Structures are given as structure tokens and as C-alpha cells.
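> Submitted below is the structure of interest, expressed as C-alpha cells.
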Amino acid sequence: MKLILQKISSIILAVILICSILPISAAASFEIPGICQVQADTGAAYTVKTLDYSYDYNTYLSLRDMAMLLKDTDKSFSLEITSNTVSLNMGNVYMPIGVENTPWEDDENPDISLRRYEFKVNEQTVFYYTMIMKLPSGDYDCFMMAADLAMILDVNITAPAAGHLQIHTQEPFDISPVSLEEAGYFYGVNSVLVGDATTGELYYRYQSDISYPIASTSKLMTCLLAMDAISAGQISLEETVTISEAVQALSESGDGVIPLEAGEQITVQELLLGALLPSSNECALCLAEAIAGSEEAFVGMMNQKAQELGLSQTIFYNSNGLPSYTEDFVPAKRQNSMSAEDMFRLVSYLLKVYPQITDITSLEKATLESLDLEVSNTNPLLRNLPEVTGLKTGTTNKAGACLVTSLTADDGTGEHDLVVIVLGTEDSIERGRVSGLLARYALNAFYTGREETESGAVGQTSGELPTNAEAAVDRILRTARKTEREQTWEIKSE
């Protein structure tokens, strides 16, 4: 069975590196039209239009062509596409508009862009990057990655021959990170780690013992120390903090996220929400000052905590993960750095000691009452997988786009926290796609017992959850959820 699953995963890999012979050649900065032949379980091959975005083999498939292909199968879906929205409803019959499964009418490169358009699956908003284009008929079509569509429909796609795809509607989606690594899929990523934080078992890792910049995922340590301070009674959630001039200066800079003015009052509760959801750098700095008196003293606490947790490949320079400059005549530019294995240890500890943290990080939105400001969660996977509960995004030029993802899984005897760590992707598009694939792999590995790297007890911790912190987090949730029920908002991406 294990060999069969590995073979299936290897074949799906060929689909992720999709339609590798079409088009024959392409140059950057163009959307190159092409075609491939796709066949479902019970039908002849259909022509499916493709677009290679910017580079050859970076291929997106026509959703209308795929909907027509699958309309008589168990994976049929209807489509409604406008100039900036897509609505896909699984189980519904697709109504053709007359342009499906035909070659392109001309060879001109279409002038469209890859964007995160409004996309709904069964009326639920999801986050995928797609291309929408207007057809000569006046209707619209949407092009998306084969791997993304396979995950949405939960199907297995194989590549039996060059320029051909086969959709197996009765086989669930599966992926092999080892096969991806062998094909060079992670060459554009600093490091990756997938594991079970509850048991310490590692499912897969790639360059996980090397320290890399971690950007705003640093805020996980900042919030851990904040929860420690709450548990110790040093601060309380209701306590108001006065905004300093340093916090205002950061807020007004290019790295500002939330407008904060010196002399204003904001609660610790709102600072936690601001740091974890929209990734507010100024909220993290304000927390640091409130807890330690200065950011310099707080950074000392961060590095001390790292030592206590055994994070040997970790160093912090500030509370938020932004680049930090020295005061030398020729200043050095430094960034908080950590290995993926250290991040796994940190997250495992955080989830064990303060498990309710995921109730915060799983919120899609919240309102900071003191500022009368709505904020959103920057984690795209919250919308794509119901098992996702957090945790944190991060981006700087040096760190690239990072994402630490937590998921819940239940083996029948209890819930487990699965963790996917992806550091240093090229951009938020790749961050979401790599993390999404590995999140699906994490769930498959958990339920099938199939891991692709040595397992071991890593980052296991002990200790009871401090009751003060538990009550504190519960109060955060009650306030945020009350606001969520009463208001709506537009999601702001990082």
C-alpha cells in the first residue's frame, strides 16, 4: 500500500510540474496560450486551454474546460465567473456557454494578470491565485493551477503521456514531499518541516537545521512572552498601555500596519490581537515595552527564553521580525533568525502550554475597540482547509515569504496539533501554495501513518496550562467573536 501511495504521489508531482511540454517555449512577462489533452474516468480526451504565466511550464488550466470535462462525473461543479469573481459549487451540473474544450482562437498573448480574485467554493471564500480573462463571446473564463483544482475537488491527477492528463475522480488527492524535493520543487524555499507537535514526530523536513531569517513569525515568541506575563500576573488583558513615541514612529513608517499615536491608550488584549492577526509591528513593539520597559530588555527575554527551550539555531534582535540596524558608523543589517526545527520546538511548546492560542489565530477577523478598527488575519490557509487553526505569516526581503501553519487532527483517542513550517519562499503566492500542499500531506501522513523522514521526539514539553492565561485567552475570544458576529469587513492580505 505504501509503495502504491508513493507511486501515486510521484505521478501527481508530474501534474504539479504541469503539462511540461506545453507550450514548447515561452519568455518571462508573458501569458502564453497553449492546450493539453485531459481525460476523465469515463470519457474521451478533451482539449483544455492552458496559460503559462510569466514563465514556461508555469501552467494554469481553463476552469470552464475542466467543468465541461467533469460534468458527468462524481466531481462535477458549476461555475459563475465575472470580471473579478469566481463561484464554484461542487456537485452541481455545469451549464456550457459554448466555448468549452476548443483551441485558442488566435495566438496572441492575452493581457491578463495573476491575482487573488474573490473566489468561493460552495459559497465559502477561499484564497487561490487565478487569472480571469474575457472571452470573445463576452463571457469570462478563469485559469488556475492543476494542483489547486485537484485539492479543491479532492481528486488524483496523473500524466500518462506527454501533453496528456488523466483525472481519477475516485482517488483522493495525495502528495509526496520527497518526490517534490527530488524534482527540485523546494529549491526556491529556504526550509520546510512537517510534524506532529503533540507527539514530536516529524513527517518531513528539508534544510530544517539551518538558521534563516523568520520575519514576522518572530511574533510567536513575542506573544508567548506576553502570555507568560499574563499568567504570572505581571500584566492583564484589561490593562491599558500608553502608546510611546517609538511606537508611533514605527506606525507611521513604511512598515506600519495599524495607526497608533503617542499618548493614546490601548489594551493588552487589543495588542495581542493586532500582533497575531494583521501582523502589526507596532503592536508587537508596544507589547515589548509594556512587559519589559524597553524593547532592548524584551529582546534579552526573547533570547533567554530561546535558550530555555533549547533553540540552538535562534537569535532575536527585535520583537517584530523587521530588519534591525546596528548603530555603527557602517551599520549592519540584521534579522531575527531561526531554524525550522527550532520553530517546531517553539510552536510545540506554545501549543502545549497555551493551547487556546489557536482560538485566537484561527479568527478571520476582529475589531480593536479602542481604535474602532477592524483587522484581518493574514493567514490564507484558514479559508482553504477547515482543519487549519493558525498560526503566523511573515515577510521581509531577506526572509522571503514565511508561514507557520497549525492544523487539528483526531485519531479517535484525542486531538493532535500538526504543524507545517515553510520559510523563505519567493512571494505570498508560493508561500500559500507550498504550505497548502504540505498541509494536505500532513493530514494524509497523520491518518495513514506514512511519513517520509525519520521520526523522533522533538520539542516535547511538559507542564500544566497556567489558569490565569487560560482565562485571559477566553476573554480575548469572547470580545473578538462578539464583534465578529456584529460586523463585516473586507479581508486585507499581508
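> What about ILE235, is it in a loop (DSSP other than H, G, I, E, B), aliphatic (A, V, I, L, M) and open to solvent by 50 Å² or more (accessible area, probe 1.4 Å)?
No.
> If the Cβ limit is 8 Å and pairs must be 6+ apart or interchain, which residue in the stretch 410-435 that is at pLDDT below 95 pairs with which residue that is aromatic (Phe, Trp, Tyr) and not in a loop (DSSP other than H, G, I, E, B)?
ASP411/PHE446; ASP411/TYR447
> With respect to THR242, is the statement that it is within 29 Å of the chain's Cα centre (by Cα), of a type outside the set (Phe, Trp, Tyr) and surrounded by fewer than 23 Cβ atoms within 10 Å (Cβ to Cβ) true?
When the stated conditions are applied, THR242 does not pass them.
> Conditions first: (1) more than 24 Å from TYR441 (Cα to Cα); (2) of a type in the set (A, V, I, L, M); (3) crowded, with 22+ Cβ neighbours inside 10 Å. LEU202 passes all but one, so which condition is the exception?
For LEU202, the failing item is (1).
> Here is a further query. Where residues in the stretch 160-209 are outside any loop (DSSP other than H, G, I, E, B) and of a type in the set (Val, Ile, Thr), which of them is farthest from ASP342 (Cα to Cα)?
Going through the stretch 160-209, the residues outside any loop (DSSP other than H, G, I, E, B) turn out to be 160-161, 164-168, 177-182, 191-196, 202-206.
Those still in the list that are of a type in the set (Val, Ile, Thr) too: 167, 178, 192, 194.
Working: ILE167: 40, VAL178: 21, VAL192: 12, VAL194: 13 Å.
Within the stretch 160-209, the match that is farthest from ASP342 (Cα to Cα) is ILE167.
> If you take the residues in the stretch 267-292 that are in contact with a helix residue (DSSP H, G or I) (Cβ under 7 Å, 6 or more places away or on another chain) and not in a helix (DSSP H, G or I), which one is surrounded by the fewest Cβ atoms within 10 Å (Cβ to Cβ)?
If we take residues in the stretch 267-292 being in contact with a helix residue (DSSP H, G or I) (Cβ under 7 Å, 6 or more places away or on another chain) and not in a helix (DSSP H, G or I), then SER279 is surrounded by the fewest Cβ atoms within 10 Å (Cβ to Cβ).
> Follow-up. Determine which single condition ASP111 fails, assuming it passes every other condition in (1) under 26 Å from ARG383 (Cβ atoms); (2) out of contact with any Ser or Thr (no Cβ under 8 Å at 6 or more places or on another chain).
Failing condition for ASP111: (1).
> Sticking with this one: Pull out all pairs, ordered by first then second residue, where Cβ-Cβ is under 8 Å, the residues are six or more apart or on different chains, the first lies in the stretch 195-214 and is within 14 Å of THR405 (Cβ to Cβ), and the second is among the charged types (D, E, K, R) and in a loop (DSSP other than H, G, I, E, B).
As it stands, the answer is GLY195/GLU201; TYR203/GLU451; TYR203/GLU452; TYR204/GLU451; TYR204/GLU452, since those pairs meet every condition given.
> Filter the stretch 110-153 for residues that are among the charged types (D, E, K, R) and touching a residue at least 40 places away in the same chain (Cβ under 8 Å); which is farthest from TYR55 (Cα to Cα)?
Kept after step one, since they are among the charged types (D, E, K, R), are these residues of the stretch 110-153: 111, 115-116, 118, 120, 123, 134, 139, 141, 148.
Filter once more, so that each one left must be touching a residue at least 40 places away in the same chain (Cβ under 8 Å): 111, 116, 134, 139, 141, 148.
Values: ASP111: 15, ARG116: 19, LYS134: 22, ASP139: 26, ASP141: 21, ASP148: 18 Å.
Taking the candidates together, the pick is ASP139.
> Select from the stretch 260-295 the residues that are more than 24 Å from the chain's Cα centre (by Cα), farther than 14 Å from GLN234 by Cα and of a type in the set (Asp, Glu) and list them in ascending order.
Of everything in the stretch 260-295, those that are more than 24 Å from the chain's Cα centre (by Cα), farther than 14 Å from GLN234 by Cα and of a type in the set (Asp, Glu) turn out to be GLU261, GLU264, GLU295.
> Related question: Among the numbered conditions (1) within 25 Å of ALA399 (Cβ to Cβ); (2) crowded, with 22+ Cβ neighbours inside 10 Å; (3) over 24 Å from the mean Cα position of the chain (by Cα), tell me where GLY321 comes up short.
Only one criterion is unmet by GLY321, namely (3).
> Could you list, in sequence order, all residues of the stretch 416-433 that are of a type in the set (D, E, K, R) and closer than 19 Å to GLU181 by Cβ?
Residues satisfying the conditions are GLU426, GLU430, ARG431, ARG433.
The values are calculated or read from the model by the stated rules, or taken from the named source; none is laboratory data. Note that the structure is predicted; figures quoted are calculated from it, not measured. Cβ sites come from the backbone with ideal geometry, for glycine too, and all protein chains shown count toward neighbours. With ligands, DNA and RNA removed, areas are computed over all heavy atoms of the protein, side chains included. Shrake-Rupley method; radii C 1.70, N 1.55, O 1.52, S 1.80 Å.
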